[in-house]
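Asks: Before we start, here is the structure in question, set down as structure tokens.
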Amino acid sequence: MKPFTYERATSVADALRRSVAASGEGERAAYLAGGTNLIDHLRLGIRETDRLIDVSHLDLTEVSELDGGGVRVGALARNSDVAAHPLVRAAFPLVSAAMLAGASGQLRSMATMGGNLLQRTRCVYFQDASTPCNKREPGSGCSAIEGFGTYNALIGASPSCVAVHPSDLCVALAALDVTVVTEGPLGERRLDFADLHRLPGDRPEVDTTLERGELITALEIHGPGFARHSRYRKLRERESYAFATVSVAAALDVREGRVDDVRIGLGGVAHKPWRAHRAEDALRGGPATDEAYAAAVEAELEQARPGEDNRYKVIQLRRVVPAVLRELAEHAPSGSRA
């Protein structure tokens, strides 16, 4: 591990000041919250920093109700606490379920909401420093394209990178209306969750659209209201402590046998948490039937480019997405079904 300095920030403004000072001195700075991702990467030597700024003690842990029924979550709120919070469980059960499906109980008690958003998109080669990886070392090549491709992306990949985003929480957030609140050298910024993560293109080493030194301070989850009726389903190779091969977060509003509105987020398919807009558009206004669900999946998969090793993900999506939608329709709240 490369030597670095450790500093503890006393406020958001102090954290930003320390980050700006590091940049001015030509140093690389990193914020430390729960550390469940960052510390691993420092130990493995796949990330280096000159200055580690500890923000874990800042007052950014509150979970509160927003006007209109949404929920504001501080960026340093622990995943386990948010998953168990009554406001989140009532308004956004898919968020709670997604967090409980991720990692282990010990990690969930350390990991933070903001840190979860910033997990590095990666494949099995990213953490193997003996192999070429454009995310780890830009321009070195992508080992996964010709190598072990079981977990490769189906959608939005590029010749530079075929890795998928690992977060369960982010799949649920992709299906909702979420604002990411940040503080940076130029002040507060508010961006749609869909604009936080980016596809690899020719710069796969850049996972997000955050500016240098920008710190996530909160998430505002606004809805939609029918997200009270939602599910998260994760397929994986073992029951616990495993990333999804594919996952689906869905909320469904069925009225008189037809889909009034729907939200679908997909995991394990792309370099960023994937909002299934094509599937949603195919479903809205149509019948809530198995045939319609299957057709919606095919509409989304028109853009998929599977290889031999990851073609099984297409089969999984064709099964799990209709199954979740069917379950939601069959257990719709009283009065919303024909």
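The values are calculated or read from the model by the stated rules, or taken from the named source; none is laboratory data. Since the model is a prediction, treat every value here as computed from it, not as a measurement. Here the Cβ is made from the backbone with ideal geometry for all residues, glycine too, and neighbour counts use every protein chain on show.
Asks: Just the residues that are hydrophobic (A, V, I, L, M, F, W, C) and under 22 Å from Asp54 (Cβ atoms), please, taken from the range 186-214. Step through it out loud before you land on a result.
Replies: Here is the first cut: in the range 186-214, the residues hydrophobic (A, V, I, L, M, F, W, C) are 186, 191, 193-194, 196, 199, 206, 210.
Listed by number, the list holds a single entry, Leu210.
Asks: Which one of these does Phe226 not meet: (1) touching a His at 6+ places or on another chain (Cβ under 7 Å); (2) over 15 Å from Gly115 (Cα atoms)?
Replies: Going through (1) touching a His at 6+ places or on another chain (Cβ under 7 Å); (2) over 15 Å from Gly115 (Cα atoms) one by one, Phe226 breaks only (1).
Asks: Now, a different point. Against the definition (aliphatic (A, V, I, L, M) and in contact with an Asp or Glu (Cβ under 6 Å, 6 or more places away or on another chain)), how does Val269 come out, yes or no? Reasoning before the result, please.
Replies: Values: aliphatic (A, V, I, L, M): yes; in contact with an Asp or Glu (Cβ under 6 Å, 6 or more places away or on another chain): no.
It is false that Val269 is aliphatic (A, V, I, L, M) and in contact with an Asp or Glu (Cβ under 6 Å, 6 or more places away or on another chain).
Asks: Within the range 274-284, can one find any residue that is basic (Lys, Arg), crowded, with 17+ Cβ neighbours inside 10 Å and in a strand (DSSP E or B)?
Replies: Yes, there is a match, as at least one residue in the range 274-284 is basic (Lys, Arg), crowded, with 17+ Cβ neighbours inside 10 Å and in a strand (DSSP E or B).
Asks: Related question: I'd like to check something: does the range 253-273 contain any residue that is over 19 Å from the mean Cα position of the chain (by Cα), part of a helix (DSSP H, G or I) and over 27 Å from Thr121 (Cα atoms)?
Replies: No - not one qualifying residue is present in the range 253-273.
Asks: Here's a follow-up. Check off (1) under 20 Å from the mean Cα position of the chain (by Cα); (2) small (Gly, Ala, Ser); (3) not in a loop (DSSP other than H, G, I, E, B) for Ser64 and give me the number that stays unchecked.
Replies: With (1) under 20 Å from the mean Cα position of the chain (by Cα); (2) small (Gly, Ala, Ser); (3) not in a loop (DSSP other than H, G, I, E, B) applied to Ser64, the lone miss is (1).
Asks: Check Arg305, Arg326, Arg311 and return the single one that is surrounded by fewer than 17 Cβ atoms within 10 Å (Cβ to Cβ), over 28 Å from Phe148 (Cβ atoms) and among the basic types (Lys, Arg).
Replies: Details: Arg305 fails: over 28 Å from Phe148 (Cβ atoms); Arg311 fails: over 28 Å from Phe148 (Cβ atoms).
Criteria check complete, one pass: Arg326.
Asks: Could you grab the pairs with beta carbons closer than 8 Å, sequence gap of 6+ or different chains, first residue in the range 222-244 and within 25 Å of Thr121 (Cβ to Cβ) and assigned to a loop (DSSP other than H, G, I, E, B), second one of a type in the set (Ser, Thr, Tyr) and modelled with pLDDT of 90 or more?
Replies: Arg236/Thr245; Glu237/Thr245; Phe243/Tyr151
Asks: Looking at Phe126, Phe92, can you tell me which residue is over 29 Å from Pro200 (Cα atoms), out of contact with any Pro (no Cβ under 9 Å at 6 or more places or on another chain) and surrounded by 17 or more Cβ atoms within 10 Å (Cβ to Cβ)? Steps first, please.
Replies: Details: Phe126 fails: over 29 Å from Pro200 (Cα atoms).
The match here is Phe92.
Yes or no, residue by residue, for (1) closer than 26 Å to Leu173 by Cβ; (2) β-branched (Val, Ile, Thr); (3) surrounded by fewer than 19 Cβ atoms within 10 Å (Cβ to Cβ):
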site: Phe4; (1), (2), (3): no, no, yes
site: Leu16; (1), (2), (3): yes, no, no
site: Glu65; (1), (2), (3): yes, no, yes
site: Val73; (1), (2), (3): yes, yes, no
site: Met99; (1), (2), (3): yes, no, no
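Asks: With the requirement that a residue be in contact (Cβ under 8 Å) with a residue 60 or more places away in the chain and either of a type outside the set (A, V, I, L, M) or closer than 19 Å to Arg233 by Cα (or both), what does the range 303-318 give you? Step through it out loud before you land on a result.
Replies: As a first pass, look at the range 303-318 and keep what is in contact (Cβ under 8 Å) with a residue 60 or more places away in the chain: 303-310, 312-314, 316-317.
If the condition is that a residue be in contact (Cβ under 8 Å) with a residue 60 or more places away in the chain and either of a type outside the set (A, V, I, L, M) or closer than 19 Å to Arg233 by Cα (or both), then Gln303, Arg305, Pro306, Gly307, Glu308, Asp309, Asn310, Tyr312, Lys313, Val314, Gln316, Leu317 are the ones that fit.
Asks: Leu210 - would you say it is of a type outside the set (Val, Ile, Thr), assigned to a loop (DSSP other than H, G, I, E, B), under 17 Å from the mean Cα position of the chain (by Cα) and modelled with pLDDT of 95 or more? Write out each step before concluding.
Replies: Working: of a type outside the set (Val, Ile, Thr): yes; assigned to a loop (DSSP other than H, G, I, E, B): yes; under 17 Å from the mean Cα position of the chain (by Cα): yes; modelled with pLDDT of 95 or more: yes.
Yes, satisfied.
Asks: Criterion first (polar (S, T, N, Q), touching a strand residue (DSSP E or B) at 6+ places or on another chain (Cβ under 7 Å) and touching a residue at least 60 places away in the same chain (Cβ under 8 Å)) does Thr36 satisfy it?
Replies: Judged against the criteria, Thr36 is not a match.
Asks: Ok, one more. Which numbered condition trips up Gln106, out of (1) surrounded by fewer than 20 Cβ atoms within 10 Å (Cβ to Cβ); (2) part of a helix (DSSP H, G or I); (3) in contact (Cβ under 8 Å) with a residue 24 or more places away in the chain?
Replies: For Gln106, the exception is condition (3).
Asks: Here is a further query. Please work out if Val95 is assigned to a helix (DSSP H, G or I) and within 16 Å of the chain's Cα centre (by Cα).
Replies: Details: assigned to a helix (DSSP H, G or I): yes; within 16 Å of the chain's Cα centre (by Cα): yes.
Taking the combined requirement at face value, the residue satisfies it.
Asks: Additional query: Hey, could you check the range 41-61 for residues that are within 19 Å of Asn134 (Cα to Cα) and in a helix (DSSP H, G or I) and say which is nearest to the chain's Cα centre (by Cα)?
Replies: It comes out as His41.
Here's the yes/no breakdown for (1) in contact with a Leu (Cβ under 7 Å, 6 or more places away or on another chain); (2) hydroxyl-bearing (Ser, Thr, Tyr); (3) at positive phi; (4) buried (at least 22 other Cβ atoms within 10 Å of the Cβ):
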| residue | (1), (2), (3), (4) |
| --- | --- |
| Val178 | yes, no, no, yes |
| Arg198 | no, no, no, no |
| Asp202 | no, no, no, no |
| Asp207 | no, no, no, yes |
| Gly225 | no, no, no, no |
| Arg238 | no, no, no, no |
| Tyr241 | no, yes, yes, no |
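Asks: Okay, next question. Only one of (1) part of a loop (DSSP other than H, G, I, E, B); (2) within 21 Å of the chain's Cα centre (by Cα) is not met by Asp81, so which one is it?
Replies: Answer for Asp81: the failing condition is (1).
Asks: What residue, among those in the range 285-302 that are among the charged types (D, E, K, R) and touching a residue at least 24 places away in the same chain (Cβ under 8 Å), is surrounded by the fewest Cβ atoms within 10 Å (Cβ to Cβ)?
Replies: Of the range 285-302, the ones among the charged types (D, E, K, R) are 290-291, 298, 300, 302.
Keeping just the survivors that are touching a residue at least 24 places away in the same chain (Cβ under 8 Å) gives 290, 300, 302.
On the way: Asp290: 13, Glu300: 23, Glu302: 8.
It comes out as Glu302.
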